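The values are calculated or read from the model by the stated rules, or taken from the named source; none is laboratory data. All of these numbers come straight from a predicted model, not from anything done at the bench. All Cβ positions, even for glycine, are placed from backbone atoms using ideal geometry, and neighbour counts span all protein chains on display.
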Amino acid sequence: MGLSGVRGAQVHVREAVLRYLIVGGGIAGVTTARRLRNLAPKAQVTLVEAEPRPYYLRPGLIDVLSGDKSLDDISPYPLSWYEGQGIEYRPGSAAVGLQPALRRVFLSSGEELSYDRVLLATGAEAFRPPIPGADLPGVFTLRTAADVERIRARAEVAHAALVIGGGWLGLEAARALRACGLSVVVLERSLWPLFRQLDREGGEVLKGRLEGLGIRVIVGTSCRALEGRGQVERAVLESGEKIEAGLVVMAAGIRPRTALAAEADLAVDRGIVVDERMATSAPGVYACGDAAEWQGRVYGIIPAAREQAEVAAANMVEPGSAVYAGTVVQNRLKVAGVDLLCLGETQAQGGPGEEHRLVDPKGGSYRKLVVRQGSLVGAILLGDLSGEGAIRELIASGKPVGGLLPALLSPRD
């Protein structure tokens, strides 16, 4: 199937009429439904989704927030698509109970659905840090279409915004709010933005690019409290500084939705624990996507959700037919209009001289190549992605980098 994390997924089309139920209509759920329909054309495929509207591209919510796109623009599968695929689609139907022994799922409407095999693609929810004042009107998380609608409404009356969290979502939210005409401050408790993806030098370059867009970035401190009379008006930092803000977006990460599985006594740790077949601890129950934990890891990225969904669908139709072998993490992002590519090992594991950098603060670009035993094992490209193809090939092949290093660091010289 051409997927890095899928092995042995040669599944024969099955004609048995089984009832497949999918809980969750995000990328993992939709991918599974589509694959099930291909593998078992006569089967009954039902997808229940708590949100009231069909699947949308979650990263595209930033463009909706900025006003560059509408929700329809980021919704690739309208209701007619589900009907055309023969998928019984139930938006606005939250699953509130699961009984694996009876093979039943209970909906918030009181309805019970029976299944032969069920997939839990319950996704993740935004984490709201326990900050005093976080429940004030004007404080939001950014995860759903409804969140974006509320933030946009608030942005029409607010003048200044604070974004708590300097990861990809926080920085993109800051860019979108700046496009809405607000003054914006980003607060990141680590020592530089995109702390997980970048090193200090790269983080400093990115910080400069953001400040060039009129976005202030405060690092190395956190929010002590949010204050205001009847609504949020300011943030008090641990440093003692006060930041005026009539709109606050918390972009402090996500947490897998595991309540449905936990209440059904499935094995749950950080996520819903699955094996290499995407099977949970209960017979006939599978899980994938942002809610799933495989070998102690919750990926939380779209490529992993897609690959896990392919494996789950194959095994729901023909148990034991496919194995998940992990997803190769490659971060290619556009952060506040700046291209960023992270490949392989972005931190050297050996001695000195293994990390090679080219820093261009004025041009707003940064390049870092990580070499071990003469071979290129990782790279960070920020602002300038030229030479990407050659770098990818060298990392994948493990060939000696030899005299190519100067050209890879300065491909335009």
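Residue selection: Pro76 fails the criterion of being modelled with pLDDT of 95 or more, out of contact with any helix residue (DSSP H, G or I) (no Cβ under 6 Å at 6 or more places or on another chain), in the same structural domain as Ala267 (by TED's automatic domain parsing) and within 25 Å of Leu266 (Cβ to Cβ). Taking each residue of region 319-336 that is over 18 Å from Arg175 (Cα atoms) and looking for partners that are among the acidic types (Asp, Glu) with beta-carbon atoms closer than 7 Å, six or more apart or interchain, yields Val323/Glu276; Tyr324/Glu276; Tyr324/Glu307; Thr327/Glu307. For Thr346, the conditions (1) exposed (fewer than 15 other Cβ atoms within 10 Å of the Cβ); (2) under 20 Å from the mean Cα position of the chain (by Cα); (3) at negative phi all hold with the exception of (1). Evaluation of Lys362 against the conditions (1) of a type in the set (Lys, Arg); (2) at pLDDT 90 or above; (3) in a loop (DSSP other than H, G, I, E, B) shows that the sole unmet condition is (2). Looking at region 286-309, which of its residues are modelled with pLDDT of 95 or more and surrounded by fewer than 24 Cβ atoms within 10 Å (Cβ to Cβ)? Across region 286-309, the qualifying residues are Glu293, Gln295, Gly296, Arg297, Val298, Arg306.
Given the criteria among the basic types (Lys, Arg), modelled with pLDDT of 95 or more, over 22 Å from Glu49 (Cα atoms) and surrounded by fewer than 21 Cβ atoms within 10 Å (Cβ to Cβ), does Arg255 qualify? Against the criterion (among the basic types (Lys, Arg), modelled with pLDDT of 95 or more, over 22 Å from Glu49 (Cα atoms) and surrounded by fewer than 21 Cβ atoms within 10 Å (Cβ to Cβ)), Arg255 does not qualify.
Just name the residue that is surrounded by the fewest Cβ atoms within 10 Å (Cβ to Cβ) out of those in region 202-239 that are charged (D, E, K, R) and under 17 Å from Trp168 (Cα atoms).
Within region 202-239, the subset charged (D, E, K, R) is 204, 207, 209, 211, 216, 224, 227, 229, 233-234, 238.
Retained after the next criterion (residues that are under 17 Å from Trp168 (Cα atoms)): 204, 207, 209, 211, 216.
Values: Glu204: 18, Lys207: 23, Arg209: 24, Glu211: 12, Arg216: 15.
Looking at the filtered set, the residue picked out is Glu211.
Residue pairs whose Cβ atoms lie under 6 Å apart, separated by 6 or more positions or on different chains, with the first residue in region 353-370 and in contact (Cβ under 8 Å) with a residue 12 or more places away in the chain and the second of a type in the set (Lys, Arg) and not in a strand (DSSP E or B), are Gly364/Arg209. Pairs linking a residue in region 72-84 that is surrounded by 17 or more Cβ atoms within 10 Å (Cβ to Cβ) to a residue that is aliphatic (A, V, I, L, M) and part of a helix (DSSP H, G or I), with Cβ atoms under 7 Å and 6 or more positions apart or on different chains, are Ile74/Val64; Tyr77/Val30. Of the residues making up region 26-78, those that are within 26 Å of Gly181 (Cβ to Cβ), assigned to a loop (DSSP other than H, G, I, E, B) and not small (Gly, Ala, Ser) are Tyr56, Leu57, Asp68, Lys69, Leu71.
If you check Val328, Val371, which single one turns out to be in a loop (DSSP other than H, G, I, E, B) and among the aliphatic types (A, V, I, L, M)? Testing whether each residue is in a loop (DSSP other than H, G, I, E, B) and among the aliphatic types (A, V, I, L, M) leaves just Val328. Among the conditions (1) surrounded by 23 or more Cβ atoms within 10 Å (Cβ to Cβ); (2) free of Cβ contacts under 8 Å to residues at least 60 places away in the same chain; (3) among the small types (Gly, Ala, Ser), the only one that Gly181 does not satisfy is (1).
Entry remark, region 106-154: residues being under 20 Å from Gly289 (Cα atoms), in a strand (DSSP E or B) and not basic (Lys, Arg) number 6 in total. So for region 155-168 (the condition being in contact with a Ser or Thr (Cβ under 6 Å, 6 or more places away or on another chain), closer than 30 Å to Tyr286 by Cβ and either without any contact (Cβ under 8 Å) to a residue 24 or more places away in the chain or assigned to a strand (DSSP E or B) (or both)), does at least one residue qualify? Taking every residue of region 155-168 in turn, none turns out to be in contact with a Ser or Thr (Cβ under 6 Å, 6 or more places away or on another chain), closer than 30 Å to Tyr286 by Cβ and either without any contact (Cβ under 8 Å) to a residue 24 or more places away in the chain or assigned to a strand (DSSP E or B) (or both).
So that you can scan it fast, the table gives a plain yes or no per residue for (1) out of contact with any Pro (no Cβ under 9 Å at 6 or more places or on another chain); (2) crowded, with 21+ Cβ neighbours inside 10 Å; (3) among the hydrophobic types (A, V, I, L, M, F, W, C):
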site: Leu120; (1), (2), (3): yes, yes, yes
site: Gly123; (1), (2), (3): no, yes, no
site: Ala146; (1), (2), (3): no, no, yes
site: Arg152; (1), (2), (3): yes, no, no
